[in-house]
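Structure record follows, encoded as structure tokens.
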Amino acid sequence: MSRSSKKGPYVDPKVFFKVQKLEEAGNKEPIKTWSRACTIVPEFVGHTFMIHNGRMHVKLLVTEDMVGHKLGEFAPTRTFKGHGGRQKK
Amino acid sequence: MPRLLGVDIPNDRKTVISLTYLYGVGPKVARELCLKAGVSQDLKAHELSDEDLSNLATILERDYTVEGPLRRQVQQSIARLRDIKCYRGMRHRAGLPVRGQRTKTNARTRKGPRKTVAGKKGVKDLR
């Protein structure tokens with residue numbers, strides 16, 4: 001079930017403050033975060049995030065198209081290298 | 001048989017039903033259309049006058065996205081998901097279910113016909 005619109009989008013306050021701080025300072029260094037559930041809001045556009053995928057942090061430059069998605073959607077948690085491989089021998 | 005918006009030729013069933021033969025028109029929209037165009041829902045499609053048809057067509061063009069434009073819209077939304085390489089986009093690329101369904105079994109609609117792997121458990125029993 002989707003989130004009640006009454007509450008508005010979930011944005012991790014820590015991530016949001018960090019973005020604001022970087023915005024004021026005028027630099028765009030990567031923000032390391034574990035907050036995969038955080039929604040991408042327009043303020044994030046142009047910033048770089050390092051999103052945890054359970055093992056390491058995946059780098060992501062946020063573009064306008066990504067607004068409304070969650071950070072975690074861009075850091076896959078599973079690696080699938082394909083089935084089989086007898087032929088490859 | 002009457003034609004609506006170019007290619008579509010709904011057959012001689014009730015207007016509400018035959019309108020649903022258009023891509024993007026379901027029972028709900030069909031009913032709305034009939035009301036807006038002032039066409040009886042129970043009339044068979046071939047009994048519609050030219051005037052009724054043009055009425056329906058103009059309302060469709062004006063208030064709804066159907067057929068070509070709708071198909072294009074859907075394609076564009078999928079293309080967007082693919083481009084931003086989000087999870088849903090990757091599932092579309094891989095041709096796997098997008099909305100979290102199980103893939104251990106089933107999911108044949110997305111995956112297509114079964115590709116049997118020799119030597120895999122269970123294959124011997126099938127013989």
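Summary of computed values
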{"quantity": "Separation of alpha-carbon centers, the stretch B:3-74 and the stretch A:1-48, rounded to whole Å", "calculated": "45 Å"}
{"quantity": "Rg and Dmax of chain B, Cα atoms only, in Å", "calculated": "21.5, 66"}
{"quantity": "Net charge of Cβ neighbours under 12 Å - reference A:Thr77; Lys, Arg +1; Asp, Glu -1", "calculated": "+2"}
{"quantity": "Listed residue (B:Leu53, B:Thr20, B:Pro10) projecting farthest to the positive dipole end of the stretch B:3-64, Cβ model", "calculated": "B:Thr20"}
{"quantity": "Per residue solvent-accessible surface (Å²) - the stretch B:70-111, probe of 1.4 Å", "calculated": "76 Å²"}
{"quantity": "Partner chain coverage, peptide A:65-71 - average Cβ within 10 angstrom", "calculated": "3"}
{"quantity": "Amide H contacts of A:Ile31 (H built 1.01 Å from N, under 5 Å, at least 5 apart or other chain)", "calculated": "A:Thr48, A:Phe49, A:Met50"}
{"quantity": "0 to 90° range, to nearest 10: angle between helix A:13-25 axis and chain A longest Cα axis", "calculated": "70 degrees"}
{"quantity": "Given A:Lys7/B:Lys85; B:Lys85/B:Lys115; A:Lys6/A:Lys28, the pairs whose alpha carbons are separated by over 30 Å", "calculated": "A:Lys6/A:Lys28"}
{"quantity": "Size of charge dipole - chain B - debye, nearest 20, with Cβ of Lys, Arg +1 and Asp, Glu -1, no other charges", "calculated": "2060 debye"}
{"quantity": "Total charge dipole magnitude, the protein assembly as shown, about the Cα centre, Cβ charges on Lys, Arg, Asp, Glu only, Debye to nearest 20", "calculated": "2600 debye"}
{"quantity": "Net +/- balance of residues flanking B:Ser77 in space, Cβ distance below 12 Å, scoring K and R +1, D and E -1", "calculated": "+3"}
{"quantity": "A/B buried area, accessible surface, summed, 1.4 Å probe, Å²", "calculated": "700 Å²"}
{"quantity": "Heavy-atom accessible surface of the stretch A:32-89: percent carbon and sulfur, 1.4 Å", "calculated": "54 percent"}
{"quantity": "Formal net charge of residues neighbouring B:Glu47 (Cβ-Cβ distance under 13 Å; K, R +1; D, E -1)", "calculated": "-2"}
{"quantity": "Compactness index (Cα Rg / 2.2 N^0.38 Å), the stretch B:70-111", "calculated": "1.22"}
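The values are calculated or read from the model by the stated rules, or taken from the named source; none is laboratory data. Just so it is clear, the model here is predicted, and its values are computed rather than measured. Positions of Cβ are generated from backbone atoms using ideal geometry, with glycine treated the same way; all protein chains shown enter the neighbour counts. What goes into the accessible areas is simple: the full protein's heavy atoms, side chains included, and nothing from ligands, DNA or RNA. Shrake-Rupley method; radii C 1.70, N 1.55, O 1.52, S 1.80 Å.
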